[in-house]
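The values are calculated or read from the model by the stated rules, or taken from the named source; none is laboratory data. Note that the coordinates shown come from a computational prediction; the quantities given were computed from them, not determined experimentally. Please note: Cβ atoms are built from the backbone with ideal geometry, for glycine as well, and neighbour counts cover all protein chains shown.
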């Protein structure tokens, strides 16, 4: 099971966080701090795995953004790397040449893509097409919603 | 319809629940309002009842109605009443029903909303929710849409975890999902079952054939990995399964190109082998099979490790370490490879390799491996890795009682070499190894002592540097070894000298103490050597050296050092006296330290047999009574000592034994002529009282241990504390505070100020946080304001300067951007900037040319815009009595001085000689800033010629764009992210094609024309921010790829945003 996913910049600024288990706010802060210091201290061209407490930390850097995934001990590290990569692919597909700032600016979309891909710490959908379709469909839904809302505003 | 009404009235006969309500509302599409009003009436009735369950039901319905947009505030009291009811279930249910019904209600409309609800649910499943929702989610598991089924299956796993009872009824359906036509649902089911099986594999053995089929048919690596994992959990329970798996697994290992799958296969094989191989010996054939596939794995692992990919290398080593536990031999053959990994630049890989080395050493290769490691120690950069290496070297060498060490001289020299490490924290570890080896290996002592003597001689190398504090622990061992085994020293005098150097005083106290003690031992040995000689002066010189140097230690702040030093100093002084009388003392001094210290194994005590009849667990004395006053706690600090004393006092409670002893003592006393007999009376009491407590001797004994300095004192503190507390308790009954003080004992009072001072600190902290997290706090806006105001004044002036002919071209651009309006004498003959130089074309005899208008929002007031106009006189005549007037619109008005009419013009407060320019500012009041504005205006003036003066008029238009309402406001990325997170911004976006300019120019353009500031820029992507004068936030995300620029924008005012985006588009379409 995946415990959490963190996205942070090279400067250690947190861009996205997803926790799949209930963790107190304080604990979260501590973990984020630990992760950023640990991962940012790694030299380039070293392996992407770390051991932290009883978890395996798998991180990968894409441009200026670090993706950091914590999995339980019996999980497969390489599949975790695949998960990260798949998420990046999904983001890239959706945003088109995804950039760190996309994730800040359209954070809800980034979360939404993640929710379509992972649920409760497990991989929900392995097919890129299906995830993309789900996201597109819900985007349409949202647009429909907002236009409705707009009309209400006009006449209300 | 009639039927429905009838049905409705029947419904009314019973209490409607939420389900009925929803159904009812759906059935009454035509007269929903009416239906709901009747429902509300019913709810009101229900709320009046006493039954809390009925009320809860009513509140459930209300939540739904509120969701539909009906006002239920009238029932607020009842809602609170139900919420505060003692039964938690009602609360849960209310939240829950709302939730479930939202799910199901919307489920009819859109699968995606249900999906969202399920996703949300995955985050907060609690046991209660799990219990109540299990059935609903189970229903969703056979939803028509695979999208929902998939989610439901995965959520079900969470539900199982929180509410295991739901597993049994749900299992058949879950099993069904394994053969779902949709691959997504199928893989979700595999996922869930795999996770479940890992927790309790036994129950899932029956599914093995099904999974076997899936494994051979599936091509999805994600699913395959999960299935293989599942088999990994199942094989230990069913050995036959392992046999059956060999073939497909081997095939996969050979054929797959996906490393993750390969790794999973290898891992599973290793794990399966682990279990099958060790406890139960499998049949021979199986063993052979295992061996074969095992070899295959190791080979594959070798390929992984040799791979250039660091990740695979790491994983290969990780898997190797798993194999090492069961099959060290097969790993040992790859020693070369693992040693190679030590050279890797990646620390994690080196650490993994180190782990492996631990299990790989043998008597033969130990020295070689350690030599290699020592090389790495020298090379290693980071202290953490070096420390790790150091501990690993010691671990490797010392494992299972130095099993692999054949030459201890070598080991000692390794340890000595390790002391040269800088900044290690493990001095203590090295020291304990040195002590251990020196004590346990007798043959090594001569060598060890010689090495230690050198260490002591060169102690300055270790103490000199502050960074090396950790390593000076080694001196502890060195000093002790040199002292204890001083007979082996070659040059004891030199070593003694080294131990008594003044520099030693800088060492930590406990090391100094060892120094002093061992200097004494050394001194004893020296005396013995020197007294054997004919020359007595040498011995006296040694004593003198001790007497000279020891006072340094007597002054030490460390009590232990002080005590030992003063004790030994006195001893040496006494010896010196004796020496002066030519008495031979060496033998006696040596006797002080006679006897050999033997190593004692940590478990040695266990080997001592417990004497018969001794029960170590039995109480020797009555256990102290537990029932003491409520103020037990402070006493507890000292209570520990209490039973100890009592135990020491009465080692035996046996009545008979006591009597016997008493008898014996009496006898002894009677026979002892020195014993002063007690008075007959006391003797009488003594005899009469049989109880232990009454023996006066005991009382005397008691007072002795209590005279230990400090203890009665602390007792006093406890008493004082108790008294004080008693008082306090009367004064205030704050229990918590009391507890804290009780713990602190006598120092409680001092610490009282603790919380207060903490409070003093916190506000300071808060201030910090506020400034950090909210860079746009009110206090910070002020400087920005004044700055902008200053700039508003400045920038037009600059533009004015720029109007020299040389910089005509760039000026034109900028003036256009500033919504410059040009005015010539004839208002209808407007000349646009692009059409060349108007001076020549329309030159009659006079122009007012190039009046620049800079429109700036007034930050002090959200509704004011300041327009700065620069007037430049381009003609040869004098201009005067200029009057500026604008036709007000509904939305915007020119601010005129009080008392003037709404159509009066404003006089420009200056006159313009030829060739001179000046600036005037006019304030406009705006109602709404979301739309751009165009205002018509006229400027009237008088041209004064040498002989005549003419009245002239100039028409112009003022264009207020939406960008002009924006104010460049810096924004930190954190604040920016927070703003976006707030979620009340509307989104919009534009796409600009064919923009051919560098990205930074593009950004600069947006910043300049539209008053944005760049928040963050990463490569060809930037986030920008601006604020309107009325406080609207405008956020942009600008991205470029090739000639296409996409701008996503968010703003709390959609109209404003749309207009700003249009203006941005316009800016770029013109270039």
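Structure data summary
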| item | result |
| --- | --- |
| Residue match in region A:48-63 (condition: closer than 26 Å to residue B:195 by Cα and in a helix (DSSP H, G or I)) | no |
| Residue under evaluation residue B:190, criteria (1) surrounded by fewer than 20 Cβ atoms within 10 Å (Cβ to Cβ); (2) in contact (Cβ under 8 Å) with a residue 40 or more places away in the chain, criterion not met | (1) |
| Lone qualifier among A:38, A:1 - being closer than 23 Å to residue A:117 by Cβ and either free of Cβ contacts under 8 Å to residues at least 60 places away in the same chain or buried (at least 17 other Cβ atoms within 10 Å of the Cβ) (or both) | A:1 |
| Segments classed as strands (runs of 3 or more DSSP E), wholly inside region B:913-1003, with at least 3 members that are more than 14 Å from chain A (Cβ to nearest Cβ) | B:917-926, B:933-944, B:949-960 |
| Within region B:554-571, considering residues that are closer than 18 Å to residue B:502 by Cβ and part of a helix (DSSP H, G or I), the one nearest to the chain's Cα centre (by Cα) | B:561 |
| Residue match in region B:312-329 (condition: in contact with a strand residue (DSSP E or B) (Cβ under 7 Å, 6 or more places away or on another chain), under 24 Å from residue B:258 (Cβ atoms), part of a helix (DSSP H, G or I) and within 12 Å of chain A (Cβ to nearest Cβ)) | yes |
| Within region B:218-235, tally of residues that are buried (at least 17 other Cβ atoms within 10 Å of the Cβ) and more than 10 Å from every other protein chain (Cβ to nearest Cβ) | 7 |
| Filter result (surrounded by 17 or more Cβ atoms within 10 Å (Cβ to Cβ), under 34 Å from the mean Cα position of the chain (by Cα) and not in a helix (DSSP H, G or I)) within region B:365-407 | B:380 |
| Qualifying residues in region B:1027-1054 (those that are in contact (Cβ under 8 Å) with a residue 60 or more places away in the chain and at the interface with another protein chain (Cβ under 10 Å from one of its Cβ atoms)) - the one farthest from residue B:930 (Cα to Cα) | B:1048 |
| Residue among B:276, B:267 that alone is more than 11 Å from chain A (Cβ to nearest Cβ), closer than 25 Å to residue A:72 by Cα, modelled with pLDDT under 80 and assigned to a helix (DSSP H, G or I) | B:276 |
| Those residues of region B:1004-1024 which are within 11 Å of chain A (Cβ to nearest Cβ) and touching a residue at least 12 places away in the same chain (Cβ under 8 Å), in sequence order | B:1015, B:1016, B:1017, B:1020, B:1021, B:1022, B:1023, B:1024 |
| Residue check, residue B:198 in contact with a helix residue (DSSP H, G or I) (Cβ under 9 Å, 6 or more places away or on another chain) and away from chain A (no Cβ under 14 Å) | no |
| Residue under evaluation residue A:96, criteria (1) within 12 Å of chain B (Cβ to nearest Cβ); (2) in contact (Cβ under 8 Å) with a residue 12 or more places away in the chain; (3) surrounded by fewer than 17 Cβ atoms within 10 Å (Cβ to Cβ), criterion not met | (2) |
| Residue A:78 within 9 Å of chain B (Cβ to nearest Cβ) and outside any loop (DSSP other than H, G, I, E, B) | yes |
| Residue check, residue A:101 in a helix (DSSP H, G or I), at pLDDT below 85 and either over 18 Å from the mean Cα position of the chain (by Cα) or over 30 Å from residue B:262 (Cβ atoms) (or both) | no |
| Qualifying helices (runs of 4 or more DSSP H) (wholly inside region B:116-186; at least 2 residues being at the interface with chain A (Cβ under 10 Å from one of its Cβ atoms), crowded, with 19+ Cβ neighbours inside 10 Å and modelled with pLDDT under 85) | B:146-162 |
| Failed criterion for residue B:430 (all others in (1) crowded, with 18+ Cβ neighbours inside 10 Å; (2) more than 36 Å from the chain's Cα centre (by Cα); (3) within 22 Å of residue B:513 (Cα to Cα) hold) | (2) |
| Among (1) assigned to a loop (DSSP other than H, G, I, E, B); (2) modelled with pLDDT of 70 or more - the single one residue B:41 does not satisfy | (1) |
| Hits in region B:342-354 (condition: closer than 26 Å to residue A:82 by Cβ and either more than 11 Å from chain A (Cβ to nearest Cβ) or in a loop (DSSP other than H, G, I, E, B) (or both)) | B:344, B:345, B:346, B:353 |
| Residue satisfying condition, being closer than 29 Å to residue B:223 by Cα and more than 12 Å from every other protein chain (Cβ to nearest Cβ), within set A:67, A:20, A:49 | A:67 |
| Pick from region B:488-532, criterion in contact (Cβ under 8 Å) with a residue 40 or more places away in the chain and outside any helix (DSSP H, G or I), ranking: surrounded by the fewest Cβ atoms within 10 Å (Cβ to Cβ) | B:490 |
| Search result, residues across region B:999-1011 that are in contact with a helix residue (DSSP H, G or I) (Cβ under 9 Å, 6 or more places away or on another chain) and either closer than 21 Å to residue B:1041 by Cα or surrounded by fewer than 17 Cβ atoms within 10 Å (Cβ to Cβ) (or both) | B:1002, B:1005, B:1006, B:1008 |
| Per-region count, region A:26-76, residues on the phi < 0 side of the Ramachandran plot and in contact with a strand residue (DSSP E or B) (Cβ under 9 Å, 6 or more places away or on another chain) | 34 |
